[in-house]
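The values are calculated or read from the model by the stated rules, or taken from the named source; none is laboratory data. For clarity, every value in this text was computed on a predicted model and none was experimentally measured. Note that each Cβ is placed from the backbone with ideal geometry, even for glycine, and that neighbours are counted across all protein chains shown.
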Amino acid sequence: MIAAQAGGWEFSRMSPLLWLSSKVHEMIGRPAHAPKKLGWAEWTRMIHPDDRQDFIHAHDALLAGKAERLTLETRICHGNGGHVRLAFHGGVLERCADGIPEVIGGIVVDHGDPVALNRALARTETALQNLRDGIAFADPAGRLSYMNPAFRTMFGIGDSDDMSAIHWSQLYDQEVSAHIDTDIMPQLAEHRSWRGDLRGRRRDDGQSVVQEVTLSQDDDGTLICTARDITERLREQAERAQMRHQLVQLNRSEVMHILTAGVVHDLGNILGVIQHLSSLVEEEDTGQVNDIAAAISRSAQEAAALVQKRLSICNASVERDLFDLKEPVQRAVDVVRESLPATLELVLRLPERPMEAMVNDTEIVQVALNLLINASEAVDPEDGSITILLEDELVDHARDLDVGTLRAGVRYARLTAIDNGSGVSPAIRSRLFEPYVTTKSETGTGLGMFVVSEIAKSYGGGVAIAAGPDGRGARLDVYIALD
C-alpha cells in the first residue's frame with residue numbers, strides 16, 4: 001500500500017477559523033466537498049475530551065509567543081464515529097512588526113504511518129533551513145546543538161565550525177551575557193518564554209548585530225532561540241527620526257515667521273495709538289508736559305519705524321521661480337520611501353506632462369513631506385497604503401475649503417494624499433489647521449498641517465480634508481493656483 005502523505009494546518013490571529021488541508025480531512029473521514037476551514041469551537045469539539053485541554057493549551061502558547069514549536073499527539077473524532085490518533089507538528093509562520101506571532105501552522109501526520117511521519121519531519125527540517133529568521137537550540141549545559149543557516153550567517157559561524165564547541169554566551173559580550181544570566185534566565189524559568197532586543201557579536205569579524213530575540217525552554221531544559229536581525233530596521237527608524245526632526249525645525253521656523261508678522265503688526269497698531277495720544281497732549285498743554293509729550297511722540301515714531309522695518313522683513317516674499325511641481329513632489333517621496341517599512345505600500349502618480357508654476361520648490365517639498373509623514377504615522381506598518389497624486393483642476397465655480405476658497409475660472413494644482421489609516425475625527429478636523437493642534441500626543445508638534453495650510457494660502461489656494469475611499473482613512477487635498 002502507498003504510504004499516506006502528510007497534511008497541513010494553519011491558524012491566523014485575524015481569523016477564528018482553522019484551515020485543514022484535504023489530506024487532513026481525509027484522515028478524519030470528512031467528505032471531499034466539506035469546507036476546508038472549521039470554526040474554532042467546532043474543531044475543539046472534534047478533539048477527544050481527554051486531549052482537548054492539552055491541544056488548546058499548546059495552541060494558545062504558540063499563538064501567544066510562549067512557545068516556539070508545537071509537537072502533540074491528539075485523538076480526533078473520525079467520520080465513522082471512532083477516533084483517529086494524529087501527530088500535530090508546527091510553529092510560527094508569520095509575525096507582526098513587533099514580533100508577536102500572527103500566523104501559526106504546520107503538518108499533521110497519521111500516527112500509524114511512520115513513513116509519512118519521517119517524510120513530514122524532513123519537510124520541517126527543510127522549512128527550518130530556508131527560514132530568514134535564525135533558529136538555534138542549546139542543550140541544558142548551554143552548548144549549541146542545532147542552528148539553521150540563517151543563524152550561522154547572523155553570527156558569522158562557518159559551516160565547518162563545530163557548533164557543539166560553542167556556548168551560547170560566546171555569541172554575546174560579557175555584559176550582555178551577564179544580563180541574560182541574571183535577568184532573562186529567571187524570567188524564562190518562571191514564564192517559559194522571553195522576548196526582547198539583544199546585541200550579539202559576530203564570531204568572524206567581531207561586528208555587533210542587534211536582534212529581536214525570542215527564547216523558550218523545553219521540559220528537558222533545551223533552550224530554543226529565534227533571532228531576527230533588526231539592524232536595518234533600526235537604521236530606517238533613525239533616518240526617519242532625523243527626517244522628522246529636520247521637518248519639525250523647518251515647520252517651527254515657518255510658524256515663527258508667521259506669528260512674528262502678526263505680533264509686529266499688532267504692536268505697530270498700538271504704537272500708532274500712543275503716537276496719536278501724545279499729539280493730542282501736545283495740542284492741549286504747554287511747557288514741561290509739552291516736552292514730555294514730544295519725547296513720547298518721538299519714541300513712538302522711532303519704535304513704529306523699527307516695527308515697520310521688521311514687518312517688511314516678515315512680509316518679504318520668499319524667492320520663487322518657475323518649477324515643474326512634479327520635481328519637488330518626487331524628491332519628497334524619494335526621501336520618505338527610504339525610511340518606510342517594506343510592508344507599507346506607497347504609490348505615487350504624477351501627470352505625464354510638466355505642471356509648471358511660480359513657486360519656491362523648498363516650500364512644495366515641505367508640503368509634500370508633511371502630508372507623507374502624517375499619512376505614514378496614521379497607517380498600520382503591516383498593511384498600510386498611501387497614495388500621492390498630483391493633478392490639475394480647472395474650478396468652474398467658487399467653493400470653500402476647510403482652509404481657503406477656490407476661485408471660479410482658475411486652474412489649480414491639486415496635491416492629494418490618501419491613506420487607509422485611522423482617519424480624522426470631527427473634533428480634530430475642526431481644529432486641524434490651527435498651530436499646536438496634534439493627534440500624536442507626545443511625538444506631535446501640531447505645526448505640520450498649520451504650515452501646509454499657510455503655504456497653500458500664500459499661493460492663492462487652500463486645503464480640503466475628507467474620509468478616504470469607502471469611508472476608511474483620510475484624504476487631504478492641497479490646492480496651489482497655477483494661473
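Give the residues of segment 353-383 that are farther than 22 Å from Arg320 by Cα and not in a helix (DSSP H, G or I), sorted by residue number. Hits for segment 353-383 are Val379, Asp380, Pro381, Glu382, Asp383. Screening Pro381 on (1) in contact with a helix residue (DSSP H, G or I) (Cβ under 9 Å, 6 or more places away or on another chain); (2) in contact (Cβ under 8 Å) with a residue 60 or more places away in the chain; (3) of a type outside the set (A, V, I, L, M, F, W, C) shows it passes everything except condition (1).
Residues that are hydrophobic (A, V, I, L, M, F, W, C) and either closer than 30 Å to Met14 by Cα or at pLDDT below 85 (or both) are absent from segment 390-403 altogether.
Listed by first and then second residue, the pairs with beta-carbon distance under 6 Å, at least 6 apart or on different chains, first residue in segment 145-165 and over 19 Å from Gln207 (Cα atoms), second surrounded by fewer than 14 Cβ atoms within 10 Å (Cβ to Cβ), are Asn148/Gln129.
Selection of first residues in segment 55-81 that are within 21 Å of Ala41 (Cβ to Cβ) and not assigned by TED's automatic domain parsing to the domain that holds Ala41 and of second residues that are among the basic types (Lys, Arg) and surrounded by fewer than 20 Cβ atoms within 10 Å (Cβ to Cβ), restricted to Cβ pairs under 7 Å at least 6 apart or on distinct chains, gives an empty result. Only one of the numbered conditions (1) free of Cβ contacts under 8 Å to residues at least 60 places away in the same chain; (2) of a type in the set (Asp, Glu); (3) out of contact with any Gly (no Cβ under 8 Å at 6 or more places or on another chain) is violated by Asp392, and that is (1). When Leu70 is tested against (1) within 32 Å of the chain's Cα centre (by Cα); (2) surrounded by fewer than 17 Cβ atoms within 10 Å (Cβ to Cβ), exactly one condition is not met: (2).
The single condition among (1) touching a strand residue (DSSP E or B) at 6+ places or on another chain (Cβ under 9 Å); (2) assigned by TED's automatic domain parsing to the domain that holds Cys225; (3) modelled with pLDDT under 85 that Arg123 does not satisfy is (2). Condition first: in contact with an Asp or Glu (Cβ under 9 Å, 6 or more places away or on another chain) and part of a strand (DSSP E or B). Can you find one or more residues in segment 416-433 that meet it? Yes, segment 416-433 contains a residue that is in contact with an Asp or Glu (Cβ under 9 Å, 6 or more places away or on another chain) and part of a strand (DSSP E or B).
Residue check: is Ser425 at pLDDT below 90 and more than 22 Å from the chain's Cα centre (by Cα)? Give the derivation first.
Working: at pLDDT below 90: yes; more than 22 Å from the chain's Cα centre (by Cα): no.
For Ser425, the condition - at pLDDT below 90 and more than 22 Å from the chain's Cα centre (by Cα) - is not met.
For segment 73-93, indicate whether the set of residues that are buried (at least 18 other Cβ atoms within 10 Å of the Cβ), within 35 Å of the chain's Cα centre (by Cα) and not in a strand (DSSP E or B) is non-empty. The answer is no, given that none of the residues of segment 73-93 is buried (at least 18 other Cβ atoms within 10 Å of the Cβ), within 35 Å of the chain's Cα centre (by Cα) and not in a strand (DSSP E or B). Residue check: is Ala141 over 29 Å from the mean Cα position of the chain (by Cα) and either among the aromatic types (Phe, Trp, Tyr) or at pLDDT below 80 (or both)? Answer is no for this residue. Please indicate, with yes or no, whether at least one residue in segment 341-352 is in the same structural domain as Gly409 (by TED's automatic domain parsing), part of a helix (DSSP H, G or I) and touching a residue at least 40 places away in the same chain (Cβ under 8 Å). Checked segment 341-352: no residue is in the same structural domain as Gly409 (by TED's automatic domain parsing), part of a helix (DSSP H, G or I) and touching a residue at least 40 places away in the same chain (Cβ under 8 Å).
Just one of the listed residues (Leu390, Leu369, Leu394) is more than 17 Å from Gly473 (Cβ to Cβ), more than 17 Å from the chain's Cα centre (by Cα) and surrounded by 18 or more Cβ atoms within 10 Å (Cβ to Cβ), namely Leu390.
Suppose we keep only residues that are assigned to a loop (DSSP other than H, G, I, E, B) and either in contact with a helix residue (DSSP H, G or I) (Cβ under 8 Å, 6 or more places away or on another chain) or not assigned by TED's automatic domain parsing to the domain that holds Val103 (or both) within segment 8-30. Which one would you say is surrounded by the fewest Cβ atoms within 10 Å (Cβ to Cβ)?
The initial filter retains those residues of segment 8-30 that are assigned to a loop (DSSP other than H, G, I, E, B), namely 13-16, 21, 28-30.
Still in the running and either in contact with a helix residue (DSSP H, G or I) (Cβ under 8 Å, 6 or more places away or on another chain) or not assigned by TED's automatic domain parsing to the domain that holds Val103 (or both): 13, 16, 28.
Numbers: Arg13: 14, Pro16: 12, Ile28: 20.
Out of the qualifying residues, it is Pro16.
Among the residues examined, Ser385 qualifies as in contact with a strand residue (DSSP E or B) (Cβ under 7 Å, 6 or more places away or on another chain), farther than 18 Å from Val478 by Cβ and either surrounded by 17 or more Cβ atoms within 10 Å (Cβ to Cβ) or assigned by TED's automatic domain parsing to the domain that holds Gln330 (or both). Scanning for something of a type outside the set (D, E, K, R), in the same structural domain as Pro101 (by TED's automatic domain parsing), touching a Lys or Arg at 6+ places or on another chain (Cβ under 8 Å) and surrounded by fewer than 18 Cβ atoms within 10 Å (Cβ to Cβ), does segment 32-39 turn up at least one residue? There is no residue in segment 32-39 that is of a type outside the set (D, E, K, R), in the same structural domain as Pro101 (by TED's automatic domain parsing), touching a Lys or Arg at 6+ places or on another chain (Cβ under 8 Å) and surrounded by fewer than 18 Cβ atoms within 10 Å (Cβ to Cβ).
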